[in-house]
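Step one of this worksheet: look at the structure below.
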Amino acid sequence: MDSIYDDDMIDDTTYDDDDDDIETERDINGIEDKNCIILNQDYIRQLQEEDITEVSTLLSVSRASACILLLHNKWSVTAVNESWFADEEKVRMTVGLLKKSMMTDDHDSFPNSNKQSKTTCGICFDDYPQSKLYDAGCDHPFCSSCWEGYVSTSIHDGSGCLMLRCPEHKCGAAVDQDLVNTFVSQEEDKEKYSNHLFKSYVEDNRRIKWCPAPGCDNAVKYIGDFENYDVSCNCECGFCWNCTQEAHSPVDCDTVSNWILKNKDESENVNWILVNSKPCPKCKRPIQKNEGCNHMTCKCGFHFCWLCLSTTKDHYACNGFEVKYKSEVQDESEKRKQMAQKLLEKYTHYWERWATNEKSMGKAKEDLQVMKTVYIKRLTNNQCQLELELGFIIEAWKQIIECRRVLKWTYAYGYYLPEHEHTKRQFFEYLQGEAETGLERLHHCAEKDLEVHLKAEGPSHDFQEFRTKLVNLTVVTGKYFEKLVQALQGGLADVNSLGGTSRRAGSSKGSKAGYKDKGGRGKGITSKSNSTGLDLGVLGLWSCEYCTYTNEESETVCEMCNKQRGSWSCEHCTYVNDNSGNVCNMCSEQRAT
């Protein structure tokens, strides 16, 4: 796994005149990404100053005028240069930059007039000597008091002060920062204007947005290809750059918006249906879920799944939604009632699993912080390990958090998946079930198996086996979820609909139902055909015993994990053995049959 770089480190980045040409590399939740760069406030100010200086120097205008030009072009240096050299006069008229100087150094706004003659201020209508009246280069004189009141009021009204024009009706002369600083006497107002100007560099820029995390002052500059909008800030806040909601791949922004709106709809609010506890299926005592994984243990000793309440013995996956209603109805009223009940239960099914994974993700984030601050130090003492050597535990928890996030949004994806696309839904639920099973295995290892070593009073003899198991589970689970996201973002477009869920994949000659990428390799499905009705042998595919990745029949090495075909993973320690024996070379346990 790639490690996350230090939070204080600034990425090595080359900036060109065109914002689109920025290239950088970042690690997001342990996964290498190249679609964003994190900017702190000092760096933003530096970039803003560089842009202002470049425009001012190239166009031979003042820095205040350069700010006006950049504000009207959303801080794009390229756009300013192109429009200016195409038609300077048109640009000046559009932004309000008149060729006449705004003010002379001795505040002489009317050098050719009699300074002792009096002129009326256009706002207060008092008479002043012309030497005491000032304009914005447009010959509309106002006194200093009126200028200060006009500018100060605009500053307090918000960022509109950056586009301030002459107070004269229908006059388009721009009021730039030099004039603002001249007439505003309060330092607080000057600072507010500067802050508005600074924030505009982010808020008006089409590729920069503030990190939405509370208390974070960083901005994120998007340099991707507008396909994957998930970005991550140095504060570890992951969000969608397009809609600023939390990161939500593999679903798009419209699906997220619809799902959030649906959850807020009181008519389908199921908070009153789902309580915080569930009865034990055996003894019926109420049980509250207080840890991350879904494996529950009652005081009576019964082990069951929190989601479906079935025993964990031989439990595989419970992610699929099954309709439990008979097709026969007596009348229209009964039919509508039955349909409403069906829709409510469908929503409840997906919402509960969505909410459960969100809660588990939040708990995993809390556990990660405890791991960093408390448990790692404890392990360095009782396991005689360097803190650096225990980084694999941190990486595992980061992977759990990312996978919980992805799994959570797959339930929103499943809710909006069309009912008539039976085969696509069948494949989706299978891929989702495999992901859920793999994540539960990783979460259980990082949560439950680690407890043994945390409670040990000295070095554990099997700590290295635990390390190997956790590292393997982290890598395999991460790769599987990465492929899952790719498949769902592609809309499972290559799945061939066979017309119904009851038909087997091989029942139609020449048809291969399954998600296949452009290279023809299947992704994320395994040979366990009993839960989905899929027969990989008929499809000319084989599933890796180690990582469950589906390969073409002609392949002898798994494309995902590079393990030989026929290799098997020990259920005790996850060590991958070749097919030459039935005893694990790591822990000497017999191969499960």
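The values are calculated or read from the model by the stated rules, or taken from the named source; none is laboratory data. Because the structure is predicted, anything quoted here is derived from the model rather than measured. Every residue, glycine as well, gets a Cβ built from its backbone with ideal geometry; the counts of neighbours run over all protein chains shown. Areas reflect the complete protein model, heavy atoms only, side chains present, ligands, DNA and RNA absent. Shrake-Rupley method; radii C 1.70, N 1.55, O 1.52, S 1.80 Å.
Each residue of segment 290-300 is assigned a 3J(HN,Hα), and the resulting list reads 10, 10, x, 7, 8, 7, 9, 10, 7, 5, 7 Hz, derived from the Karplus form 6.51 cos²θ - 1.76 cosθ + 1.60 (θ = phi - 60°), x at Gly and Pro. Selection among L197, S159, I208 by position relative to the dipole of segment 152-218 gives I208 as farthest towards the positive end (Cβ unit charges, Cα centre). Each residue, H422 and E89, gets one label point 7 Å from its Cα in the Cβ direction; the gap between the two is 7.3 nm. Using the Cβ-Cβ distance between Q186 and T120 with R0 set to 30 Å, the FRET efficiency from 1/(1 + (r/R0)^6) comes to roughly 0.65. Taking 0.36 nm per residue of separation and subtracting the current Cα-Cα distance, fully stretching the chain between V471 and Q341 would add 42.3 nm. Shown is the FRET efficiency for C300 and H461, computed with R0 = 56 Å from the Cβ-Cβ distance and rounded to the nearest 0.05: 0.95. Going toward the positive end of the dipole of segment 373-438, with +1 on Lys and Arg Cβ and -1 on Asp and Glu Cβ, which of F392, G433, N382 do you reach last? Checked the options; the winner is N382. Once the Cβ-Cβ distance of S554 and N579 is raised to the sixth power relative to R0 = 22 Å, the FRET efficiency obtained is 0.75. Between T244 and Q564, residue separation times 0.36 nm minus the direct Cα-Cα distance comes to 110.9 nm.
The simple spin-label model puts a point 7 Å past each Cα toward its Cβ; for K284 and R378 those points are separated by 3.8 nm. Distance in nm between label sites at C171 and F226, each 7 Å beyond Cα in the beta-carbon direction? Result: 4.1 nm between the two label points. Between the C-alpha center of segment 46-70 and that of segment 392-421 there is a gap of 46 Å. Taking Cα centre as origin and charging only the Cβ of basic (Lys, Arg, +1) and acidic (Asp, Glu, -1) residues, the dipole magnitude of segment 151-218 rounds to 380 debye. W351 exposes around 40 Å² of accessible area when a 1.4 Å probe is run over every protein chain in place.
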